[in-house]
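Colleague: Below is one structure. I have some questions about it.
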Amino acid sequence: MKQQLIGLALVAAAAGHVHAQSEVFLCVDETGKKEYKNTGTTKGCKKIDLPGITMIPAPPTARKPVVQTAAAKPSASPSDFPKVDGDTQKTRDNDRRQILADEMKSEEQKLANLKKEFNNGEPERRGDERNYAKYQERVATMKDDISRSEKNIEALKREIGNLK
(Lines give C-alpha, C1' and ligand atoms only; values in the text may rest on other atoms or scores of the structure.)
Protein backbone atom coordinates (compact mmCIF):
# COMPACT_ATOMS: atom_id res chain seq x y z
CA MET A 1 0.00 0.00 0.00
CA LYS A 2 2.81 2.40 0.92
CA GLN A 3 4.62 1.66 -2.33
CA GLN A 4 1.42 2.29 -4.26
CA LEU A 5 1.05 5.70 -2.63
CA ILE A 6 4.67 6.53 -3.31
CA GLY A 7 4.24 5.41 -6.91
CA LEU A 8 1.12 7.50 -7.34
CA ALA A 9 2.85 10.49 -5.78
CA LEU A 10 5.76 10.10 -8.18
CA VAL A 11 3.38 9.81 -11.10
CA ALA A 12 1.47 12.88 -9.90
CA ALA A 13 4.69 14.84 -9.52
CA ALA A 14 5.80 13.84 -12.96
CA ALA A 15 2.41 14.74 -14.47
CA GLY A 16 3.56 18.34 -14.75
CA HIS A 17 6.18 17.12 -17.19
CA VAL A 18 3.74 15.57 -19.64
CA HIS A 19 6.26 15.56 -22.44
CA ALA A 20 8.44 13.16 -20.46
CA GLN A 21 5.65 10.83 -19.30
CA SER A 22 3.39 9.23 -21.86
CA GLU A 23 2.36 5.83 -20.47
CA VAL A 24 2.19 4.29 -17.00
CA PHE A 25 2.22 0.55 -16.33
CA LEU A 26 1.19 -1.28 -13.19
CA CYS A 27 3.44 -4.31 -12.76
CA VAL A 28 2.74 -7.11 -10.28
CA ASP A 29 5.51 -9.65 -9.61
CA GLU A 30 5.09 -13.27 -8.50
CA THR A 31 5.01 -12.28 -4.80
CA GLY A 32 2.18 -9.79 -5.38
CA LYS A 33 4.33 -6.69 -5.03
CA LYS A 34 2.94 -3.81 -7.10
CA GLU A 35 5.20 -1.40 -8.90
CA TYR A 36 4.53 1.50 -11.26
CA LYS A 37 6.81 1.79 -14.29
CA ASN A 38 7.07 3.77 -17.48
CA THR A 39 7.73 0.66 -19.58
CA GLY A 40 5.61 -2.47 -19.73
CA THR A 41 8.26 -4.86 -20.95
CA THR A 42 8.21 -6.94 -17.77
CA LYS A 43 5.85 -9.90 -17.33
CA GLY A 44 2.70 -9.01 -15.36
CA CYS A 45 2.51 -5.35 -16.46
CA LYS A 46 -0.72 -3.66 -17.52
CA LYS A 47 -1.11 -0.19 -18.99
CA ILE A 48 -3.25 2.08 -16.81
CA ASP A 49 -4.92 5.38 -17.57
CA LEU A 50 -4.50 8.03 -14.90
CA PRO A 51 -6.75 11.08 -14.75
CA GLY A 52 -5.17 14.44 -15.40
CA ILE A 53 -4.18 16.51 -12.39
CA THR A 54 -5.73 19.91 -11.94
CA MET A 55 -4.13 22.39 -9.61
CA ILE A 56 -6.42 24.98 -8.06
CA PRO A 57 -4.69 27.55 -5.89
CA ALA A 58 -6.09 28.12 -2.43
CA PRO A 59 -7.93 31.39 -1.98
CA PRO A 60 -5.96 34.06 -0.13
CA THR A 61 -6.91 34.43 3.49
CA ALA A 62 -7.21 37.81 5.11
CA ARG A 63 -5.65 37.90 8.54
CA LYS A 64 -7.44 39.88 11.15
CA PRO A 65 -5.29 41.64 13.71
CA VAL A 66 -5.44 40.00 17.10
CA VAL A 67 -6.30 42.41 19.87
CA GLN A 68 -6.03 41.14 23.43
CA THR A 69 -7.51 42.92 26.33
CA ALA A 70 -6.55 42.40 29.95
CA ALA A 71 -9.69 40.32 30.52
CA ALA A 72 -9.15 38.17 27.40
CA LYS A 73 -5.57 37.04 28.08
CA PRO A 74 -5.10 33.31 27.59
CA SER A 75 -4.59 31.34 30.78
CA ALA A 76 -1.39 29.38 31.36
CA SER A 77 -3.29 26.09 31.20
CA PRO A 78 -6.82 25.06 30.23
CA SER A 79 -9.47 25.05 32.92
CA ASP A 80 -9.89 21.25 32.68
CA PHE A 81 -6.13 20.66 32.96
CA PRO A 82 -5.40 18.43 35.98
CA LYS A 83 -3.83 20.27 38.91
CA VAL A 84 -1.31 18.82 41.33
CA ASP A 85 -1.24 19.98 44.91
CA GLY A 86 1.94 21.52 46.30
CA ASP A 87 2.95 18.59 48.53
CA THR A 88 2.72 16.10 45.66
CA GLN A 89 4.79 18.37 43.43
CA LYS A 90 7.42 18.83 46.15
CA THR A 91 7.62 15.06 46.54
CA ARG A 92 8.07 14.67 42.79
CA ASP A 93 10.72 17.38 42.72
CA ASN A 94 12.60 15.74 45.60
CA ASP A 95 12.43 12.37 43.83
CA ARG A 96 13.73 13.95 40.65
CA ARG A 97 16.53 15.70 42.55
CA GLN A 98 17.52 12.39 44.18
CA ILE A 99 17.51 10.56 40.83
CA LEU A 100 19.67 13.27 39.28
CA ALA A 101 22.03 13.20 42.28
CA ASP A 102 22.35 9.40 41.95
CA GLU A 103 23.07 9.75 38.23
CA MET A 104 25.64 12.44 38.99
CA LYS A 105 27.36 10.22 41.55
CA SER A 106 27.54 7.26 39.17
CA GLU A 107 28.75 9.47 36.30
CA GLU A 108 31.47 10.98 38.51
CA GLN A 109 32.56 7.49 39.55
CA LYS A 110 32.64 6.43 35.89
CA LEU A 111 34.73 9.50 35.02
CA ALA A 112 37.17 8.77 37.85
CA ASN A 113 37.61 5.19 36.60
CA LEU A 114 38.10 6.38 33.02
CA LYS A 115 40.73 8.93 34.05
CA LYS A 116 42.53 6.35 36.17
CA GLU A 117 42.61 3.89 33.27
CA PHE A 118 43.62 6.69 30.85
CA ASN A 119 46.71 7.37 33.01
CA ASN A 120 47.33 10.95 31.75
CA GLY A 121 47.24 9.95 28.10
CA GLU A 122 49.43 6.88 28.41
CA PRO A 123 47.28 3.87 29.34
CA GLU A 124 48.97 0.53 29.65
CA ARG A 125 49.11 -1.51 26.48
CA ARG A 126 47.15 -4.71 26.51
CA GLY A 127 48.34 -8.01 25.10
CA ASP A 128 45.93 -7.90 22.17
CA GLU A 129 47.36 -4.54 21.06
CA ARG A 130 50.51 -5.64 19.29
CA ASN A 131 49.65 -3.21 16.53
CA TYR A 132 50.26 0.40 17.63
CA ALA A 133 47.26 1.59 15.60
CA LYS A 134 44.95 -0.53 17.79
CA TYR A 135 46.46 1.05 20.87
CA GLN A 136 45.98 4.56 19.44
CA GLU A 137 42.39 3.71 18.55
CA ARG A 138 41.70 2.59 22.12
CA VAL A 139 43.32 5.77 23.49
CA ALA A 140 41.16 7.91 21.18
CA THR A 141 38.06 6.01 22.31
CA MET A 142 39.05 6.59 25.93
CA LYS A 143 39.43 10.35 25.25
CA ASP A 144 35.97 10.41 23.68
CA ASP A 145 34.50 8.52 26.65
CA ILE A 146 36.09 10.94 29.11
CA SER A 147 34.82 13.94 27.16
CA ARG A 148 31.31 12.47 26.97
CA SER A 149 31.29 11.72 30.67
CA GLU A 150 32.40 15.29 31.48
CA LYS A 151 29.62 16.67 29.28
CA ASN A 152 27.09 14.41 31.02
CA ILE A 153 28.23 15.72 34.41
CA GLU A 154 27.89 19.33 33.19
CA ALA A 155 24.38 18.61 31.90
CA LEU A 156 23.39 16.97 35.17
CA LYS A 157 24.70 19.96 37.13
CA ARG A 158 22.67 22.31 34.92
CA GLU A 159 19.57 20.17 35.38
CA ILE A 160 19.98 20.08 39.15
CA GLY A 161 20.52 23.85 39.12
CA ASN A 162 17.26 24.33 37.19
CA LEU A 163 15.22 22.57 39.86
CA LYS A 164 13.14 24.81 42.08
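Colleague: Can you run phi through the Karplus equation (6.51, -1.76, 1.60; θ = phi - 60°) for the range 88-105 and list ³J(HN,Hα) in whole Hz, with x for Gly and Pro?
Modeller: Running phi through 6.51 cos²θ - 1.76 cosθ + 1.60 with θ = phi - 60° gives 4, 5, 5, 4, 5, 5, 5, 4, 4, 4, 5, 4, 5, 5, 5, 4, 4, 4 Hz.
Colleague: With all protein chains present, how much of the accessible area of the range 30-164 (probe radius 1.4 Å) comes from carbon and sulfur, to the nearest whole percent?
Modeller: 51
Colleague: Still on this structure, please answer the following. What is the Å³ per residue value for the convex hull set by the Cα atoms of the range 74-157?
Modeller: So the per-residue hull volume is 154 Å³.
Colleague: Could you work out how far apart the two model spin labels at Lys33 and Ser77 are, taking each label as a point 7 Å from the Cα in the direction of the beta carbon, and quote it in nm?
Modeller: 5.0
Colleague: Report the gain in length on full extension from Lys143 to Lys43: 0.36 nm times residue separation, minus Cα-Cα distance, nm rounded to one decimal.
Modeller: 30.2 nm
Colleague: With every protein chain kept in place and ligands, DNA and RNA left out, what is the accessible area per residue of the range 119-164? Probe 1.4 Å, answer in Å².
Modeller: 79
The values are calculated or read from the model by the stated rules, or taken from the named source; none is laboratory data. Here the structure is a predicted model, which means the values were calculated and not measured. Note: ideal-geometry Cβ built from the backbone for every residue, glycine included; neighbour counts use all protein chains shown. We work out accessible area using only protein heavy atoms, side chains counted, and drop any ligands, DNA or RNA first. Shrake-Rupley method; radii C 1.70, N 1.55, O 1.52, S 1.80 Å.
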